[in-house]
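*Asks:* Sharing a structure here in structure tokens format.
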Amino acid sequence: MADLQIINVSKSYGAVEVLRDVNLSIASGEFVVFVGPSGCGKSTLLRMISGLEEAPTGEIRLEGKVVNRVDPAKRGVAMVFQSYALYPHMTAFQNMAFSLTMAREPKAVIKEKVGRAAAILRLERLLDRRPGELSGGQKQRVAIGRAIVREPKVFLFDEPLSNLDTELRVQMRAELIQLHAKLGTTMIYVTHDQVEAMTLADKMVVMNGGIIQQHGTPLGLYDDPDNKFVAGFIGSPKMNFIKAKVEAVRTDAITLSDLGGCSRLELPFRNFDADIREVELGVRTEHIDIAQDAGTTDILAAKVAFVEELGDVTFIHTDLPTGERLVVRSSKARHRGSSTECFVKLDPAGVLLFGTNGERIRSA
Amino acid sequence: MTTDVGLIRTAAPGYALDLSIWTVLKWTVAICVAVVAVFPIIWMINVVFAEPGVPVSINPRLLPTSLSAGIAKIDTILSETSYLHAYYISITYSLLTIAGVLLIGSMAAFEFALFEFPGKRPMFVIVMLSLMVPTAVTLIPTYLLTANLGWLNTMQGLVVPGLASAFGLFMLIQFMRTIPREMIEAARLDGASHFQIYRHIALPMSKNALVTLAILIFMQTWGNFIWPLIVAPSPQMYTVGQVVGLFNAPFSHVTVDIVMAANLLAALPPLIFFLLFQRKIVEGIAMSGSKG
Amino acid sequence: MFDKKHIPHLLMVFPFLALFAVFFLYPIVSGFVYSFYDWNATTTSRFVGLANYQRIVHSRDFSKAMWNLGSYIIITVPVGIAVAFCLALLVDSFKGFWQNFFRSIFFMPVVLPMFLAATIWRWIYTPNIGLLNTTRGFFGLPSVQFLNDTSTMLYSLIAVDVWVSAGFNMVIILAGMKNIPRQYYEAARLDGASKLQEIFYITIPMLYPVLFFVTTYGVISALQVFDTPWLLTGSSFSQYGGRQNALLFPVMDMMGRGFGELKFGQAAAYGFILTTVIVSVTAVMFALRKKGHQP
């Protein structure tokens, strides 16, 4: 168990800046997930914590000690790789025992430690097999076992589930949560899959373009994103974005106009900066409803583009006259796909405002 | 493949006949070629294992006729010449070369294939360019260098100049490139030192390539004629090739069957090797060839 | 900027690079220097400029060797590859055990040490009592001095050469054939292509890179031909090349000058002439390949 601080870390390959001024503090025992699109720098950050990648500027502190110059093997971190990286010429037992063998531990100790890790992962009966004779999920467990055997202060996972099929992935996710509960060790997990991040994380760190966009609890980020990127990245289907003009500003409310062409919307809002004339609304699919008719001005007219009917829920993809796409989640009734015209209504409580620069505009 | 064709063309009239003619023809040709390929070897064996004084070529036989006569001839050669000593020299020469090339080559290939270090690119380019240079060019200067080192007629003179095999390096690099980076990183995190990664990860993972290369080097050194000829001309250092060369010399006044017995003895190790490892050898050649 | 972390890498490549420098780079450079000296092991060496090169180029042996080499390559490379290609097709038409069986049998000659193959063939070619001449005698044909008649010597050599190398090329071509996706053949069959059309319109074009490799490799090794003609003729530094030097080739000529006449300077110069030839031929082949790729 260990706490970890990352202070002012930057990294570039030649002219390409991979990480810019990253600051992050991870508490002991936390399950932290780095999530972001490919190339956002999340893997690089993980590899810098492991020591496989150098951190030329800034500091990485593990239990208060700067580890920038400490050899990867001596940092007390263990890593589980995307490809598992099991040694193909060794049995599962030898794979898990490799680090102890390198450290010249006595045979009895090795046997005992590997045995304990194998028991946690229910691998006892597979220890004599080589990686070639194991299934994807089993390989994954051996790779995790190899990490457990080292009794690390921090576990690092680099997209460990992305080579598994969907069903197995869900199952392994549950196992990882249990494992974390059992070991209580700090775990850092990298993925590009936001669902995986949401289900696993105590703390979720969203990255893009080498910058930490926001970190916090998964639901905290879902409900209260700092910027358009985080808002759009988390949640499936993606949050809807609609451009609008600010028509009137009062102390505790504003009026927006030109939504989807001509609609108006009244929003409760404290201390809106009256200089801002244009905003972008972010509305999640569950905060939009299909309306019966164009009764009031806050109702938008739209055309149905297509409908995804999943049984428990229906996603209605509609096009606004402005060309913007609006996805509506409807769990009440199944959509009757005959009409192409429809009306939608936004729930003011679920509307988030973003400036033209993509930053969130919060009510004070 | 023929049956597939058959399935598609069953409608064609007279196809069954066509197929059988093709099959017969195919087998005939294949067997004829096989006979041409192995005939000289079989002929050699027949000459050796036959009563002396009856030239086989005049009275060709399919099978050896006299086992004892063949053994007697081999016995004559082994007792009257230093053939066994030449065997010893050739085997030592081959084994040392194999061990050296595998060790030195795999160490260098490990670095070239998996790591970055200053000067890597130019070094690699120079070594690969050397694959284009004919052996004939370096032969004489290398001989002179070996002579200056005082290594003529020594084992190190035979072995050492051949150890930096660019071909071996190339083959091992090609293979080691397929070792995933993550494997190396996992080992690093597991606390393996650079050398331990080479020893415990890269070497065992390259076992197939190393075995194939070892076999190819064996074939090559065993059959190497020209280098022993010039660098170890003393009878004390004769390799099997040179001893056989003495028998083979046009005016050696030795009877055919004795010459053939000497040749047969020289051919045995590679033939046995081939029969044991034929699949590995053939696939090794195919691999190094189709990647070139 | 030198970093301590590079030291283990450099230590690991050091043995190879040291040996490579001493036994490859140094000989090349020193050979180049030797080639400008009159140096025959007994007398002190003397700088002669380009005289070694001139002497070689103007010698009759050189022109003879080059002429032989040209005729040899023009026949042996195409014939060898054609035979190897046909063998590969033949082996490919078998399945499972028999494919492996014939592949191995056809490969057998490659395994034999060259000195051995040459000996066997010398006996096959022996006048009067050799296998070939016995067979000819059986059909009432006169005995031919295969290795001593200037009209047959080159062909006798090529026959041995093809016998030795066909298996090697066959294995590479066969591996190339295995890499051609089946779908191409299936598509061609649906298009109604015959077996022969399949070979010409799919197999050969798809094998282009492999055939290029085999040809280039064949030409480069043919340019350096030494063992076989050396062993088929005199096999000693005082006697090689056969009657009227009909089987004299450049590397033999070079070796003779070096170790027979002990003119090491000339031999070194010979080596560089050969390298130049080989490198230019290779360059031309690669240029042709590039051109061949552009429609």
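The values are calculated or read from the model by the stated rules, or taken from the named source; none is laboratory data. On a predicted model such as this, the values are computed, not experimentally measured, just so you know. Positions of Cβ are generated from backbone atoms using ideal geometry, with glycine treated the same way; all protein chains shown enter the neighbour counts. In case anyone asks, the SASA skips ligands and DNA or RNA and just uses the protein heavy atoms, side chains included. Shrake-Rupley method; radii C 1.70, N 1.55, O 1.52, S 1.80 Å.
*Asks:* How many Å² of accessible area per residue for chain A, probe 1.4 Å?
*Replies:* 46 Å²
*Asks:* Membrane-span-like helices in chain C: DSSP H runs reaching 30 Å or more (Cα, own axis), mean Kyte hydropathy at least 1.0?
*Replies:* Details: long enough: C:60-92 (47 Å, 1.25); C:153-178 (37 Å, 1.54); C:264-293 (43 Å, 0.94).
Taking the DSSP H segments of chain C (at least 30 Å long, mean hydropathy at least 1.0), we get C:60-92, C:153-178.
*Asks:* Give the ranking of C:D253, C:D227 by solvent-accessible surface, highest area first, calculated with a 1.4 Å probe. Spell out each step's value before the answer.
*Replies:* On the way: C:D253 5, C:D227 45 Å².
Descending order: C:D227, C:D253.
*Asks:* Between beta-carbons, use under 14 Å as the cut-off and find the net charge around B:K280, counting Lys and Arg +1, Asp and Glu -1. Before the final figure, lay out each step's value.
*Replies:* Numbers: positive: B:K207, B:R279, C:R103; negative: B:E283.
Local net charge: +2.
*Asks:* What is the mean projected area of the alpha carbon convex hull for the protein assembly as shown, to one decimal in square nanometres?
*Replies:* Averaged projected area of the protein assembly as shown's Cα convex hull equals 55.1 nm².
*Asks:* Taking a ≥ b ≥ c as the square roots of the eigenvalues of the Cα gyration tensor of region A:178-267, is the shape rounded (a/c under 1.5), prolate (a/b larger than b/c) or oblate?
*Replies:* Note, shape of region A:178-267 comes out prolate.
*Asks:* Can you pull the mean other chain C-beta count within 10 Å for peptide C:278-287?
*Replies:* The per-residue average across the peptide is 1.
*Asks:* I'd like the distance separating the alpha-carbon centroids of region B:104-174 and region C:59-124, in whole Å.
*Replies:* 28 Å
*Asks:* While we're looking at this one, here's another question. Using the crude model of +1 on Lys and Arg Cβ and -1 on Asp and Glu Cβ, and no other charge, please compute the dipole size for region C:58-293 relative to its Cα centre, in debye to 20.
*Replies:* Dipole size: approximately 200 debye.
*Asks:* Loop only by DSSP, 13 or fewer other Cβ within 10 Å of the Cβ. Give me the trypsin sites (Lys or Arg not before Pro) in region A:109-209 that pass, ordered by residue number.
*Replies:* Those satisfying the criteria are A:R122.
*Asks:* Taking Cα centroids, how far is region A:1-48 from region C:17-56 in Å?
*Replies:* First find each Cα centre; the distance between them is then 60 Å.
*Asks:* Just the C-alpha atoms of region A:240-361: what Rg/Rh do they give, with Rh taken as the Kirkwood radius?
*Replies:* With Rg and the Kirkwood Rh in hand, the quotient comes to 0.99.
*Asks:* Ignoring any ligand, DNA or RNA, what whole percent of the accessible area of the protein assembly as shown comes from carbon and sulfur when the probe is 1.4 angstrom?
*Replies:* Carbon with sulfur: 61 percent of the solvent-accessible area.
*Asks:* Let me ask you something else. Past 29 Å, Cα to Cα: identify those pairs from A:K11/A:K139; A:K42/A:K182; A:K203/A:K245; B:K207/C:K195; A:K139/A:K228, in the order given. Numbers along the way, then the final one.
*Replies:* Numbers: A:K11/A:K139 32 Å; A:K42/A:K182 26 Å; A:K203/A:K245 35 Å; B:K207/C:K195 40 Å; A:K139/A:K228 38 Å.
Result: A:K11/A:K139; A:K203/A:K245; B:K207/C:K195; A:K139/A:K228 exceed 29 Å.
*Asks:* Can you give me the angle between helix A:166-183 and the longest principal axis of chain A, using Cα atoms only, in degrees from 0 to 90, rounded to the nearest 10?
*Replies:* So the inclination is approximately 60 degrees.
*Asks:* Take B:M287, B:M260 and sort them by solvent-accessible surface of the protein heavy atoms, 1.4 Å probe, largest at the top. Intermediate results must be reported in sequence, preceding the final value.
*Replies:* Numbers: B:M287 60, B:M260 0 Å².
Highest to lowest solvent-accessible surface, that is B:M287, B:M260.
*Asks:* If you don't mind, there's one more thing I want to ask. What does the structure give for C:21-33 when I average, per residue, the other chain Cβ atoms found within 10 Å of the residue Cβ?
*Replies:* The per-residue average across the peptide is 6.
*Asks:* Which listed residue (C:F106, A:L183, A:P160) has the Cα farthest towards the positive end of the charge dipole for the protein assembly as shown, taking +1 on Lys and Arg C-beta and -1 on Asp and Glu C-beta about the Cα centre?
*Replies:* Among C:F106, A:L183, A:P160, the one farthest towards the positive end of the dipole of the protein assembly as shown is C:F106.
*Asks:* State in Å² the accessible area per residue of chain B; use a 1.4 Å probe, count heavy atoms of protein chains only, and round to the nearest integer.
*Replies:* Each residue of chain B exposes 44 Å² on average to a 1.4 Å probe.
*Asks:* Along each of the three principal axes of the Cα atoms of region B:81-291, give the extent in whole Å, ordering the values from largest to smallest.
*Replies:* 68, 40, 30
*Asks:* If you take the Cα Rg of region C:153-260 and divide it by 2.2 N^0.38 Å, with N the number of residues, what do you get?
*Replies:* 1.54
*Asks:* Projected onto the charge dipole of region B:133-292 (+1 at Lys/Arg Cβ, -1 at Asp/Glu Cβ, origin at the Cα centre), which of B:G191, B:Y143, B:I272 gives the Cα projection farthest towards the positive end?
*Replies:* Final value for the positive-end residue is B:G191.
*Asks:* What residue among B:M107, B:G162, B:L213 has its Cα farthest toward the positive end of the dipole of chain B, where the charges are +1 on Lys, Arg and -1 on Asp, Glu, each on the Cβ?
*Replies:* Sorting the options by dipole projection puts first B:M107.
*Asks:* In degrees from 0 to 90, rounded to the nearest 10, what is the angle of the helix A:136-149 Cα long axis to the longest principal axis of chain A?
*Replies:* Its long axis makes an angle of about 60 degrees.
*Asks:* Order the following by accessible area, largest value first: C:V164, C:V279, A:V32. Probe radius 1.4 Å; ligands, DNA and RNA are ignored.
*Replies:* Result, largest first: C:V279, C:V164, A:V32.
*Asks:* Evaluate the charge dipole of region C:124-242 about its Cα centre and quote only its size in Debye, nearest 20, assuming +1 on the Cβ of each Lys and Arg and -1 on the Cβ of each Asp and Glu.
*Replies:* 220 debye
*Asks:* Rounded, prolate or oblate: pick one for region C:58-293, where a ≥ b ≥ c are the square roots of the eigenvalues of its C-alpha gyration tensor, a/c under 1.5 means rounded, and failing that, prolate if a/b is larger than b/c, else oblate. Present the calculation step by step, with values, prior to reporting the outcome.
*Replies:* On the way: a/c = 2.51, a/b = 1.45, b/c = 1.73.
Oblate, since a/c reaches 1.5 and b/c is not below a/b.
*Asks:* A further question follows. Counting only other chains, and only Cβ atoms inside 10 Å, what mean value do you get across the residues of C:176-185?
*Replies:* 1
*Asks:* In whole Å, what are the extents of chain A along the principal axes defined by its C-alpha atoms, from largest to smallest?
*Replies:* 79, 46, 35
*Asks:* With everything on Cα atoms, drop me the angle between helix A:92-102 and the longest principal axis of chain A, reported from 0 to 90° to the nearest 10.
*Replies:* Orientation of helix A:92-102: about 70 degrees from the principal axis.
*Asks:* Suppose all protein chains stay in the model; what accessible area per residue would a 1.4 Å probe give for region C:148-295, in Å²?
*Replies:* That works out to 43 Å² per residue.
*Asks:* Amide H to amide H under 5 Å from A:S263: which residues, 5+ apart in sequence or cross-chain, H placed 1.01 Å off N in plane?
*Replies:* A:D258
*Asks:* Still on this structure, I have one more. Which whole-Hz couplings ³J(HN,Hα) result when phi for each residue of region A:310-327 is put into the Karplus expression 6.51 cos²θ - 1.76 cosθ + 1.60, θ = phi - 60°, listed in order with x for Gly and Pro?
*Replies:* These are the phi-based 3J(HN,Hα) values: 9, x, 6, 8, 10, 9, 9, 8, 10, 10, 7, x, 6, x, 6, 9, 10, 9 Hz.
*Asks:* For the protein assembly as shown, what is the percent of antiparallel DSSP beta bridges, rounded to the nearest 5? Spell out each step's value before the answer.
*Replies:* Values: 65 of 83 bridges.
Antiparallel bridges: around 80 percent, rounded to the nearest 5.
*Asks:* Same structure again: With the contact rule set at Cα under 8 Å and sequence spacing of 6 or more, what percent relative contact order holds for region B:81-291?
*Replies:* The value is 32 percent.
*Asks:* Now a separate question. With +1 on each Lys and Arg Cβ and -1 on each Asp and Glu Cβ, how big is the dipole of the protein assembly as shown about its Cα centre, in debye rounded to the nearest 20?
*Replies:* Around 1780 debye, computed over the protein assembly as shown.
*Asks:* Next question. With a 1.4 Å probe, what is the total accessible area buried between chains B and C, in Å² rounded to the nearest 100?
*Replies:* In total, this chain pair buries about 8200 Å².
*Asks:* Taking each pair of distinct Cα atoms in region B:34-176 once, what is the resulting Kirkwood hydrodynamic radius in Å?
*Replies:* Kirkwood radius, region B:34-176: 19.5 Å.
*Asks:* Here is a follow-up. Could you work out the local net charge near A:A305, counting Lys and Arg as +1, Asp and Glu as -1, over the other residues with Cβ closer than 11 Å to its Cβ?
*Replies:* 0
*Asks:* For region A:20-127, which GluC sites (Glu not before Pro) are in a loop by DSSP, counting at most 16 other Cβ atoms within 10 Å?
*Replies:* On the way: sites: A:E30, A:E53, A:E54, A:E59, A:E63, A:E112, A:E124; in loops: A:E30, A:E53, A:E54, A:E63.
Filter output for region A:20-127: A:E54, A:E63.
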